[in-house]
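The values are calculated or read from the model by the stated rules, or taken from the named source; none is laboratory data. Since this is a predicted model, take the numbers as computed values, not measurements. Ideal geometry is used to build each Cβ from the backbone, glycine not excepted, and the neighbour counts take in all protein chains shown. Areas reflect the complete protein model, heavy atoms only, side chains present, ligands, DNA and RNA absent. Shrake-Rupley method; radii C 1.70, N 1.55, O 1.52, S 1.80 Å.
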Amino acid sequence: MIDKATVDRILDAAQIVDVVSDFVTLKRAGANYKGLCPFHDDRTPSFVVSPSKGLCKCFACGAGGNAVHFIMKHEQLSYPDALRYLARKYNIEIKERELSEEEQLAQNERESMFIVNEWARDYFQQQLYDTVDGRAIGMAYFRSRGFRDDIIRKFQLGYCPAGWDTCAREALSKGYKEEYLLKTGLCFKRENGRLQDRFQGRVIFPVHTLSGKIVAFGGRVLDAATKGVNVKYQNSPESAIYSKKKELYGLYLAKQAIVKHDLCFLVEGYTDVISMHQSGVENVVSSSGTALTNEQIRMIHRFTENITVLYDGDAAGIKASERGIDMLLAEGMNVKLLLLPDGDDPDSFARKHNATEYQTYLHDNQVDFIKFKTNLLLKEAQGDPIKLSRLVNNIVQSIAVIPDEITRSIYTRETASMLAMEERLLVSAVGKQVVRLREEKKKQQNNEKARQSRQASLLPAVPGGGAPLPPLPEEQAHTEAPPALPDQAAWVPPTDENLLGNEAHIPADIPPVDGVPEAGLVPEGPIGPAGDANHSTLTYIPREGAEAMLFYQKELLLVQVLIRYGDRVMCNIEDEAGNEKPLRTAEYIHFALAEDNLEFHNPLHQQILKEATEHINEERFDSERYFLNHPDTTVSSLAFALSTDKEQLSKYHYKNQKIQTDEERLMELVPHLMSDFKLAIVDEELKQILLQLRNPSVLTDKENYLALMKRYKEVKEIESALARDRGDRVVTQ
């Protein structure tokens, strides 16, 4: 466990801009910063970071929170692990008690896999530097590639011994479980049930996440053993922590250089990245020899819009990679191409030239991809009308995927000039392709919405009613995409002007006993109160669907006040001894509900009120900070959704045109909201009683009918009393 004082130190040290900047390129926008959201396919900056509030939020997908929430969601960590991550970042020492045996067994599977991978990295490095075979075989190979010692250490390169199960036996002897050796892919089982090392006799290239964690390894067979081997590289299999399509080799070490130069070089292999670093070019990543994916492109796009693809192949190889480049263009990237001479790859070219020559060549030989592609295909299509027609269609497809209309227009004009054809024809062809692509995208979006709708219909109902809540931290850690906020996140609090204008209208007359209800008005299910022994507030109001009712919005207003201003003093009151004492917002809400035997409908709201009143007298208690940093992400997510709303709950104008904020007029605002909440509950209760009275089974059950009539009369009296307290005019029956 991490003690509260240490948690406070971590929260104080964690600057939201600094934390988010490790993963997203931010640009100043007034008092805030903006960037591309890392949690969804964001093409225009919608992710806003507020240094003054210490919060971030995407105004497209709703994801956000404080620095801890951001790390939890981005790195898929639990709340304590996110705190440890930030403690390491800011060099804050954490003193924790030793875990019990039961707690060790209950450790998160993902964290266990990361721990095993970290051990494996250290083991492979130790084998490289401290064993005879490691120095004679592994280190000799790296030196033959021209890698310096500092570069070898920088990329944490290693060596796996040639024995069948040397690594497995060492791991088991250190207490690591066979289960995680298999899940991480460090080992696999032979037919006889024995473990075998996946990377035996290979040099090792660790693969890092964006934050520096080890998620996988690449192992290369040594040159002396490549004869007859089709696959030189052996990579870790897909696992709970590793997805090849989501990782880019070298990005962890390249992200700062990419931002600095506003450019990313894309190469094919591990050694290409390492050689370019050694030549002083650090803004480089590799797709590890696989086809480029949308997830990888979006990771690059967070840091820059400019990418240069380095190819070591001929024209045929470039044409085979056109799909990946079209994907880059579709993401709004500015794509250039660089061909290395004499069939060199970035690694071999680096060995033939010094750092200055290498960097100069990269700078001087980058070519715009569309122009390069047009020139390349023109050479192939000379004198052949059919090939020329295919050429035009090929180029049109690449131009059409570019999202920016102005960029498309410029490319269309230049391409028409290069092809010596009328611009209008090319414009027409591009336009048709754009329309087709939009229709395809719309169809895909509709299919995705339908799929999500089907999944949503299968979600279990939340006990006690209310909107579906986010998963708990343990569940969230296993979800691949960060989880959605509650429905409240999209809700905008009404202003004072319309607070009173949306009250539900309850008819005054009760249907006669012998009346026949209209079709469709009879409620389904058993007749009787919906409440229980632990819930005295809503007698006939149904548990499910309450979030769509007016009183629930009033409840949210009170919870919003509670989170924002729960610790603020509303006024001073006299205690029993006649001494003045401060009355705080959380205390007022608690007492105001208790005096009418009421409680909030949503259990989460009840929890927030309970914790606020428990901590209200603690020194330096800050309600908003407390709930935003709550270890239960269900609570902190709701707090974030309600605290980041830009609108005030109300605004009062006076003759001098001064606008009073909510905090300045809590003594007026909170009782007003509480009164609204109580009246809304009463109105909804009356409405539900009338629905019950329209049920034929109630009309024939005298006892039930009389009970409903009695309840109706009681609620009407409560309504009148509440209205008188507010000074409203009520017509009584």
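Would you mind stating whether F265 is surrounded by 21 or more Cβ atoms within 10 Å (Cβ to Cβ), in contact with a Cys (Cβ under 8 Å, 6 or more places away or on another chain), among the aromatic types (F, W, Y) and not in a helix (DSSP H, G or I)? Judged against the criteria, F265 is not a match.
Within region 699-712, being surrounded by 12 or more Cβ atoms within 10 Å (Cβ to Cβ) and either more than 16 Å from P542 (Cβ to Cβ) or not hydrophobic (A, V, I, L, M, F, W, C) (or both) holds for L699, D701, N704, Y705, A707, M709, R711, Y712. Here Y252 does not qualify as at pLDDT below 85, open to solvent by 10 Å² or more (accessible area, probe 1.4 Å) and in contact with a Gly (Cβ under 7 Å, 6 or more places away or on another chain). The strands (runs of 3 or more DSSP E) found wholly in region 1-54 and carrying at least 2 residues that are surrounded by 15 or more Cβ atoms within 10 Å (Cβ to Cβ) and out of contact with any His (no Cβ under 6 Å at 6 or more places or on another chain) occupy 32-35, 47-50. For region 162-194, filtered to residues that are surrounded by fewer than 17 Cβ atoms within 10 Å (Cβ to Cβ) and on the phi > 0 side of the Ramachandran plot, the residue that is modelled with the lowest pLDDT is G193. Quick check on my filter: what residues within region 412-435 are in contact (Cβ under 8 Å) with a residue 12 or more places away in the chain and open to solvent by 40 Å² or more (accessible area, probe 1.4 Å)? Across region 412-435, the qualifying residues are E414, M418, M421, V427. Please find, within region 195-204, the residue that is farthest from R153 (Cα to Cα) out of those that are open to solvent by 30 Å² or more (accessible area, probe 1.4 Å) and not polar (S, T, N, Q). Selected residue: R198. With respect to V462, determine if the residue is β-branched (V, I, T) and modelled with pLDDT of 85 or more. The answer is no for V462.
Note on region 126-188: enclosed helices (runs of 4 or more DSSP H) holding 1 or more residues that are within 17 Å of Q234 (Cα to Cα) are 140-144, 166-173, 178-183. If you go through region 359-389 and keep only what is closer than 17 Å to V284 by Cβ and of a type in the set (V, I, T), you end up with just T360. If the condition is being under 21 Å from V273 (Cα atoms), without any contact (Cβ under 8 Å) to a residue 60 or more places away in the chain and open to solvent by less than 70 Å² (accessible area, probe 1.4 Å), then region 129-153 contributes M139, A140, I152. What are the residue pairs meeting all of these: first residue in region 374-400, first residue within 21 Å of K336 (Cα to Cα), second residue not in a helix (DSSP H, G or I), Cβ atoms under 8 Å, and 6 or more apart or on different chains? Cβ pairs passing all conditions: V392/M421. The single residue among V259, V215, V273 that is in contact (Cβ under 8 Å) with a residue 24 or more places away in the chain, closer than 22 Å to D344 by Cα and surrounded by 14 or more Cβ atoms within 10 Å (Cβ to Cβ) turns out to be V273.
Take the conditions at pLDDT 85 or above, more than 28 Å from G65 (Cα to Cα), open to solvent by less than 70 Å² (accessible area, probe 1.4 Å) and of a type outside the set (A, V, I, L, M, F, W, C) and apply them to R438. Does it pass? It is false that R438 is at pLDDT 85 or above, more than 28 Å from G65 (Cα to Cα), open to solvent by less than 70 Å² (accessible area, probe 1.4 Å) and of a type outside the set (A, V, I, L, M, F, W, C).
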